[in-house]
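Participant: Can you keep this structure in mind? I'll have questions shortly.
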Amino acid sequence: MALTIHGLTAHEMHDKLKNKELSATEATKSVLDRISKTESRVKAYLTLLSEEALKKAEQVDKRLAAGEDLRPLEGIPMALKDNMCTEGIKTTCASKILHNFIPPYNATVAEKLEKAGAVLVGKLNMDEFAMGSSNENSSFYPVHNPWDLERAPGGSSGGSAAAVASDGAIYTLGSDTGGSVRQPASFCGVVGLKPTYGRVSRYGLIAYASSLDQIGPVTKDVRDCAWVLGAIAGHDEKDSTSANVPVSDYSHALNKDIKGMKVGIPKEYFAEGLDEEVKAKILEAVKKLEDLGAVCEEMSLPHTEYALPAFYLLAPAEASSNLARYDGVRYGYRDKNAEDLITMYKQTRSQGFGPELKRRIMLGTYALSSGYYDAYYLKALKVRTLVKQDFDQAFERYDVIVAPTAPTVAFRLGEKADDPLSMYLSDLFTIPVNLAGLPAISIPCGLSQGMPVGLQIIGKPFDEAALLQVAYNFEQNTPHHKLKPQLEVE
Ligand code: GLN
C-alpha cells in the first residue's frame, strides 16, 4: 500500500514535520480529505472542525517558519470524544439532552493538548453519556467498525477507536469507566490505555460514574500512546480526584527489555465465555512474551466473577446521581410545551434521555433507595474492595497481569442491542480494572475471523510505564499493529 500522510503515526508525522518534509497544513488536509472519503461509512464524528483545524495548522506552520522548536504533538491532527468539554465547540455526549450544549470552558485534557499545539479536527461519536459497549446507544447514529462495516466498533469510545483505525485522526482521546477505551481499541485493532484512577485530570469530562471514570489515549502504536499519556497526565488543582504523583518519562520506559519480568495469567479470565480463537491468540501472545524473556505464570484473581454484577450496581447508582442535573433549566434540551415546572422536568428527561440511560437511572435509583441501599449498593462496594484486594495480593508477586481485553472479537451491529445482559458481558474482563482503579492497556495481537483481537496488560497503580514497556516489546517483535482495515475508498 502506498504510504499516505494520514496513515502515519504521531511520532512519524513529528519526524517529517521536524525535517520539513511535511507541513502541519498538509498533514491536516490529508486527514480531513481521508475523513471526507470514509466518514459516510464509518460515522466516527459528531462534529467536524475543518476550518478551525486548518487555521490552527497554519499557526503551527508560522511558528515553525519563525524558527521555533517543534513540540512532540504539535501540528498533529487529533480528535476528542464528545464528552470532553471544548470551549465554544458543541459537546453533546451523543445525547439529545445536550444536543445544543456549547461549553464556556475547556476540559483540562483539551486545554493541555491545545497548548501543546495539537490540531483538533473534531468531536467523536460515542454511546450516550458513555453508557454502552457498541456505540449503538448514540442518540444520533451508530459508528461502524472500519474492519467490517456491519460490525460494532465497541463502546463507549467507538468513535475514538474507529477514527484512529480508519486514519480519520492520528490519535484520539476516549474515556474508560468499565472498558470504554480498551474494548473499542480491541475491536478496532488499535492501542488504548486506561490510566490509573487519578492519573489524568477529569476536569471538564462530563461525568458518568465518578469513582470509575478515567480519560485515556487511543493511538496507532505504543510509542504514540506513551507520548499522548505524557502530554495529558499530571495533577490538576481543578480536579480533587487527580493525584499528586510525579509523571514518569513514558517514552524512556520503551527502551527497556522485559527479561525476567514476572507476568501473571489469571485463570478466571480464560474460563466460560471466552471465544476459543480469541483464547488461542492470547495464549500465542503469552508465548511471545516468554520468548522475549518474561516469566509467565498462571495465577488466580478469585473474586473476578463478582466484578461485573458489582459494577452494574455501582455505575448506574453513580450515574443516576450524576444525571440528576439535566433538568432543562439552565442548558441543554428543554421540552417547551410543558405547562408547569414539574411537567417540564418530566418531559425534558423523558424526551432527552435514550432507553439505556433510563434503564440505568432506574437501576441506580433503586439500588440507592432506602431499604435496598444495604442489600445492593453497600454490598457492591464490599465486593469492590475484595476485587481490589485480589489485585493488591497479585501485585506483590507479579509486575503485570496479562489477559484478553474482550471475550470475543467485534460483534455485529444489532446482535446484542435488545439483550442488555449479553451486551454487559462484553465488559467482563475490563471492569475489574476500573473497580480496582488500576491502569491497563489493550494492544492488537492478531486477527480472528478477519477481526482484530486485543491483548490486555494490567499494571500496578501509577505504573503505566511497565504497561508501555511490555506492550512496546511485544509490538516491536510482532507484525500485528501494522495490519490495517481495507476500507476501499470510492
Ligand atoms: N460498557 C460499560 C457501560 O456501559 C462501560 C462503559 C464505559 O467504560 N464508559 O457502562
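Participant: Placing one identical point scatterer on every Cα of the stretch 47-167 and ignoring solvent, what is log10 I(q)/I(0) from the Debye formula at q = 0.11, 0.13, 0.19 Å⁻¹?
Facilitator: So the normalised log intensities are -0.40, -0.55, -1.00.
Participant: Give me 176, 236 ranked fewest to most by other Cβ atoms within 10 Å of their Cβ, as a rough exposure proxy. Don't skip to the answer; put the middle values down first.
Facilitator: Numbers: 176 29, 236 21.
Going from least to most buried by this count: 236, 176.
Participant: Give the Debye-formula value of log10 I(q)/I(0) at each listed q (0.14, 0.19 Å⁻¹), with one equal scatterer per alpha carbon of the stretch 271-344, two decimals each.
Facilitator: So the normalised log intensities work out to -0.73, -0.96.
Participant: Considering the stretch 311-422, what Rg and Dmax in Å follow from its alpha-carbon atoms?
Facilitator: Here Rg and the maximum Cα pair distance are 19.3, 64 Å.
Participant: Each residue of the stretch 474-484 in turn: what ³J(HN,Hα) in whole Hz from Karplus with 6.51, -1.76, 1.60 and θ = phi - 60°, glycine and Pro shown as x?
Facilitator: 5, 4, 6, 10, 9, x, 4, 5, 7, 5, 10
Participant: Output the direction-averaged projected area (hull surface divided by four) of the convex hull of the alpha-carbon atoms of the stretch 145-215, in nm².
Facilitator: Values: hull surface 18.4 nm².
Mean orientational projected area (the stretch 145-215, Cα hull): 4.6 nm².
Participant: Highest first, please rank the peptides 77-90, 27-40 by the mean number of other Cβ atoms sitting within 10 Å of their residues. Display every interim value, and only then the final one.
Facilitator: Working: 77-90: 24.1, 27-40: 20.2.
Result, highest mean Cβ count within 10 Å first: 77-90, 27-40.
Participant: Provide, for q = 0.32 Å⁻¹, the log10 of I(q)/I(0) from a solvent-free Debye sum over equal Cα point scatterers in the stretch 66-106.
Facilitator: -1.06
Participant: Under the Kirkwood approximation for Rh and a Cα-based Rg, what ratio Rg/Rh is obtained for the stretch 366-468? Please report the intermediate quantities before stating the final value.
Facilitator: On the way: Rg = 16.6 Å, Rh = 15.8 Å.
Result: Rg/Rh = 1.05.
Participant: Expressed as a fraction of 2.2 N^0.38 Å, the rule-of-thumb size for a compact globular protein of N residues, what is the C-alpha radius of gyration of the chain? List each step's numbers first, then the result.
Facilitator: Working: Rg = 21.3 Å, N = 490, 2.2 N^0.38 = 23.2 Å.
For the chain, the normalised Cα radius of gyration comes out at 0.92.
Participant: Fewest Cβ neighbours within 10 Å first, please rank 235, 14 accordingly. Could you put the intermediate results ahead of the total?
Facilitator: Details: 235 14, 14 23.
If I rank by nearby Cβ atoms, fewest first, I get 235, 14.
Participant: Percent of alpha carbon pairs in the stretch 102-142 separated by more than 12 Å? Display every interim value, and only then the final one.
Facilitator: Details: 554 of 820 pairs.
The answer is 68 percent, as a whole percent.
Participant: Restrict the search to the stretch 368-451; then list the chymotrypsin sites (Phe, Trp or Tyr not before Pro) that DSSP places in a loop and that have at most 16 other Cβ atoms within 10 Å of their Cβ.
Facilitator: Numbers: sites: 372, 373, 376, 377, 391, 395, 398, 411, 424, 429; in loops: 372, 398, 411, 429.
Passing both the DSSP loop test and the Cβ count: 372.
Participant: Taking the Cα atoms of the stretch 9-77, report the difference between the largest and smallest coordinate on each principal axis, in whole Å and largest first.
Facilitator: Result for the stretch 9-77: principal-axis Cα extents of 40, 22, 16 Å.
Participant: Taking amide H positions as placed in the peptide plane 1.01 Å from N, state which residues far from residue 86 in sequence (5 or more) or on other chains have amide H under 5 Å from it.
Facilitator: 107
Participant: What list do you get for 201, 133, 139 if you sort them by fewest beta carbons within 10 Å? Write out the running numbers ahead of the final one.
Facilitator: Numbers: 201 24, 133 29, 139 20.
Fewest-to-most ranking of 201, 133, 139: 139, 201, 133.
Participant: Using amide H atoms built 1.01 Å from N in the peptide plane, name the residues 5+ places from residue 122, or on other chains, whose amide H lies under 5 Å from its own.
Facilitator: Counting only residues 5 or more places away or on other chains, the set is 49, 80.
Participant: What value, in deg cm²/dmol to 500, does the helix sum -39500 (n - 2.57) over DSSP H runs of n ≥ 4 give at 222 nm once divided by the residues of the chain?
Facilitator: So the calculated ellipticity at 222 nm is -11500 deg cm²/dmol.
Participant: Taking a ≥ b ≥ c as the square roots of the eigenvalues of the Cα gyration tensor of the stretch 208-331, is the shape rounded (a/c under 1.5), prolate (a/b larger than b/c) or oblate? Show your work: numbers first, answer last.
Facilitator: Numbers: a/c = 2.48, a/b = 1.36, b/c = 1.82.
Judged from the Cα gyration tensor, the stretch 208-331 comes out oblate (a/c at least 1.5, b/c at or above a/b).
Bear in mind that the values in this text are calculations on the coordinates, not laboratory data. Nothing here was measured: the structure is a model prediction, and the numbers come from that model. Heads up, the Cβs are rebuilt from the backbone with ideal geometry, glycines too, and the neighbour counts pull from every protein chain shown.
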